[in-house]
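Peer 1: Before anything else, here's the structure in question.
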Amino acid sequence: MNAVDGTTPKLVVQDATKVYATASGDLKALDRCSLHVNANEIVSIVGPSGCGKTTLLWSMSGLHGLTSGQVTLDGRRIDGPHPDIGIVFQEANLLPWRDLDANIRFPFEIKGQKPDRAWIDHLLHRVGLDGFGGKFPRELSGGMQQRAAIVRALSLKPQVLLMDEPFGALDTFTREDMNRLVEEIWLDSPTTIVFITHSIEEAIFLSDRVVVLSGRPGRVASVYPVPFARPRSLEIMATKEVFDLTNAIKMEIVGKRTSLKSAPAEPERVD
Amino acid sequence: MANSSDTIPQFRKSGGGDGQSVSLTNLSAFSGGIGVKSMAEVLAILAVAVVIVGGVEASLRLFEVPHYIMPPPSAIFRALVTEFPLIAPHLGHTLVELFAGFAIGASVGLVLAAVVTQFPFAEKVIAPYILLLVTTPMLALVPLLILRFGFGYEPRIIAVALASGPMVMINSATGFRRVDSAKIALARSYGASTLQIFWKIRAPMALPMILVGLMIGAIFGLLTAVGAEMVGGGFGLGNRLTTYSSMIQMPQFFAVVLILSILGILIYTTFFLIGKKWASWET
Ligand SMILES: Nc1ncnc2c1ncn2[C@@H]1O[C@H](COP(=O)(O)OP(=O)(O)OP(=O)(O)O)[C@@H](O)[C@H]1O
Ligand SMILES: [Mg+2]
């Protein structure tokens, strides 16, 4: 795929098609959806609500199978939950009957491994949660819960991190904080990240590329490279280039819905 | 894997996101109720008790109500103290029936709930029968059970088990049915087995409802034990009630009633405290 620069992509989705059998008949959520994510790249996926983003992410994580097509990690087909893939779910998805420490211990209990205390403490410190280990989820703010969920996902040192609208339920300021945190963590130790979001600003701030899905059934409509250096300061985010890119993506998504004239900027087309 | 693995959780954009809320009984039993908070509240409750007991005592004396109609509280307390050595063995018998019957009924109910909720088809098939067991007063079966098993413990223990089991089962099943697909997906993403998902996700999620079921089941068990004792057999608190009332020994009669209320309150408090300790995340 990236034969030109000699790198093979970390994660490849090939012709992913997913049909749900529902009471009212078959529902096609994904239709021959193809994309790739290079090692240590951050790719965002945006698209109208219900277009199949979560379906796509669940297929990438091996949580459910595809009707046809495949997902490969390092060239090997994914057919079930994979130890090298970490997931941050929509909303924090902490277990409310466990305190924060016990929540972070949870993956290790399932796997029958000893938690890497030093690494977990480092992560907790990194996201500013040290000293909160004995708190229950309901005692933590939405942002803190989401940070705990990120620590839980990173505690197993996954090679690929899949994030499904992780900050969708947070207010704008907390969300921007969290975006900066993800960037910092990534600068600390780069990982491959797939980031689903409704926010184009968030997608542009975080990613190397933004993948736009069409309305249901989801297909890759276009892919926009985001060529800005990191860390992406407020100044960078305020430049005209960022503004134009934001508008181009917005026009593409909204334009499709309201059949306005198409976006001015030229996306990198996919076939 | 089963098609349940295809279910993508529907997230709300706001709120805590700790699974669905529990229906019917909810956990009001654990959140409000006797959760006494301050000294002032304790004093107020005691003050009300003193006023009521004192008021009843005063008016019964004032209107010179005969003891066989309604004995004054002081006579009831006196009877409780003086008759207690005679009542105690009967209390013991009732407790044996309650504990044995409840242990059997609750275990069977709990296991059935856990197993049956894993198989939606089986659940649908047995649901009407469980409903029948819940709604039929098991007391009605006691004369039949006595015919079959005699006047010993057996018919009463069976009746208690039959009364408490379905209550435990129906509430626990509600608990086990509260599948939060996001939390199950979380566990599966780490490679959890079905058994691990059961113990680490389904069971803790069901716990608040299980406790509600155990509490209601135990109280139904007490009810049934006393009722069964009133039907036949020469021992137990229920037997004391029929004996004292037939002998028009009303202070003794009410002393037994008092013991039964205390038992009921103890059952409630026990499960309330367990719920507070282990299921308070729910509220
Ligand atoms: N288990 C399922 N059974 C049947 N239909 C489903 C199931 N899961 C999702 N769908 C449907 O598939 C489509 C895509 O759903 P999906 O959750 O992937 O969308 P999404 O892009 O993540 O949406 P959102 O932006 O609202 O999170 C929707 O129409 C949804 O109703
Ligand atoms: Mg989604």
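Peer 1: With the cut-off at 21 Å, tell me which of the pairs B:183/B:276; A:111/A:135; A:10/A:157 have Cα atoms farther apart than that. Don't skip to the end; give the middle numbers.
Peer 2: Working: B:183/B:276 23 Å; A:111/A:135 24 Å; A:10/A:157 16 Å.
Beyond 21 Å: B:183/B:276; A:111/A:135.
Peer 1: Which residues in region A:49-79 have a backbone N closer than 14 Å to a point placed 7 Å from the Cα of residue A:223 along the Cα-to-Cβ line?
Peer 2: Inside the label zone: A:72.
Peer 1: Related question: In peptide A:232-241, what is the residue-averaged number of other protein chain Cβ atoms found within 10 Å of each Cβ?
Peer 2: Details: counts 0, 0, 0, 0, 0, 0, 0, 0, 0, 0.
The mean count of partner-chain Cβ atoms within 10 Å per residue comes to 0.
Peer 1: Sticking with this one: What does the charge count near residue A:159 come to, summing +1 for each Lys or Arg and -1 for each Asp or Glu among other residues with Cβ under 10 Å from its Cβ?
Peer 2: 0
Peer 1: Enumerate the aspartates and glutamates that residue A:18 could reach by cross-link, defined here as Cα to Cα under 13 Å, with residues fewer than 8 away along the same chain left out.
Peer 2: Residue A:18 reaches A:26, A:31, B:6.
Peer 1: Which order do B:82, B:174, B:135, A:174 fall in if you start with the one that has the fewest other Cβ atoms within 10 Å?
Peer 2: Going from sparsest to densest Cβ surroundings: B:135, B:82, A:174, B:174.
Peer 1: While we're on this one: To test your reading of the geometry: what angle, between 0 and 90 degrees and rounded to tens, separates the Cα axis of helix B:203-231 from the longest principal axis of chain B?
Peer 2: Compared with the principal axis, the helix lies near 30 degrees.
Peer 1: Further question: Using DSSP loop states and a limit of at most 10 other Cβ atoms within 10 Å to flag trypsin sites (Lys or Arg not before Pro), what is the longest stretch of chain A containing no flagged site?
Peer 2: Longest run free of exposed loop sites: A:1-260.
Peer 1: Multiplying the sequence separation of residue A:49 and residue A:116 by 0.36 nm and subtracting their Cα-Cα distance, what value in nm do you get?
Peer 2: Net length gain for the segment: 20.3 nm.
Peer 1: Please report the net charge: other residues with Cβ closer than 15 Å to the Cβ of residue A:114, K and R +1, D and E -1. Don't skip to the answer; put the middle values down first.
Peer 2: Numbers: positive: A:105, A:111, A:117, A:157; negative: A:101, A:109, A:116, A:121.
With Lys, Arg at +1 and Asp, Glu at -1, the net is 0.
Peer 1: Taking the Cα centroid of region B:49-101 and of region A:119-146, what is the distance between the two, rounded to the nearest whole Å?
Peer 2: Cα centres, region B:49-101 to region A:119-146: 55 Å.
Peer 1: While we're here: Springs between alpha-carbon pairs under 10 angstrom, Gaussian network model over chain B: which of B:146, B:45, B:197 fluctuates most?
Peer 2: So, out of B:146, B:45, B:197, the one fluctuating most is B:45.
Peer 1: Between residue B:135 and residue A:138, what FRET efficiency comes out of the Förster formula 1/(1 + (r/R0)^6) with R0 = 45 Å and r the beta carbon distance, rounded to 0.05?
Peer 2: FRET efficiency, residue A:138 to residue B:135: 0.80.
Peer 1: Follow-up. Any chance you could run the full-extension gain for residue B:127 through residue B:148? It's 0.36 nm times the residue separation minus the Cα-Cα distance, nm to one decimal.
Peer 2: On the way: separation 21, 0.36 × 21 = 7.56 nm, distance 2.79 nm.
Value of the extension gain: 4.8 nm.
Peer 1: I've got another one for you. Any idea how far the Cα center of region A:161-175 sits from the one of region B:234-283, in Å?
Peer 2: Their Cα centres are 52 Å away from one another.
Peer 1: Return the percentage of antiparallel bridges among DSSP beta bridges fully within the protein assembly as shown, rounded to the nearest 5 %.
Peer 2: Roughly 55 percent of the DSSP beta bridges within the protein assembly as shown come out antiparallel.
Peer 1: OK, next. How far is it, in nm, from the label point at residue B:70 to the one at residue B:276 when both lie 7 Å from their Cα along the line to the Cβ?
Peer 2: Result: 3.3 nm between the two label points.
Peer 1: Need one number: nm distance between label points at residue A:250 and residue B:57, each 7 Å from Cα along Cα→Cβ, rounded to one decimal.
Peer 2: Once both label points are built, they end up 7.8 nm from each other.
Peer 1: Follow-up question, since we're still on this one. Quick one: order B:158, A:253, B:210, B:274 by neighbouring beta-carbon count within 10 Å, fewest to most. Working shown, then result.
Peer 2: Details: B:158 23, A:253 20, B:210 26, B:274 15.
Listed from fewest to most nearby Cβ atoms, that is B:274, A:253, B:158, B:210.
Peer 1: List B:280, B:172, A:61 from most exposed to least, where exposure is judged by having the fewest other Cβ atoms within 10 Å.
Peer 2: B:280, A:61, B:172
We did not get these values from a lab; they are worked out from the coordinates using the rules stated. Note that this is a predicted model, so its numbers are computed, not measured. Using ideal geometry, Cβ is built from the backbone for each residue, glycine included, and neighbour counts are taken over all protein chains shown.
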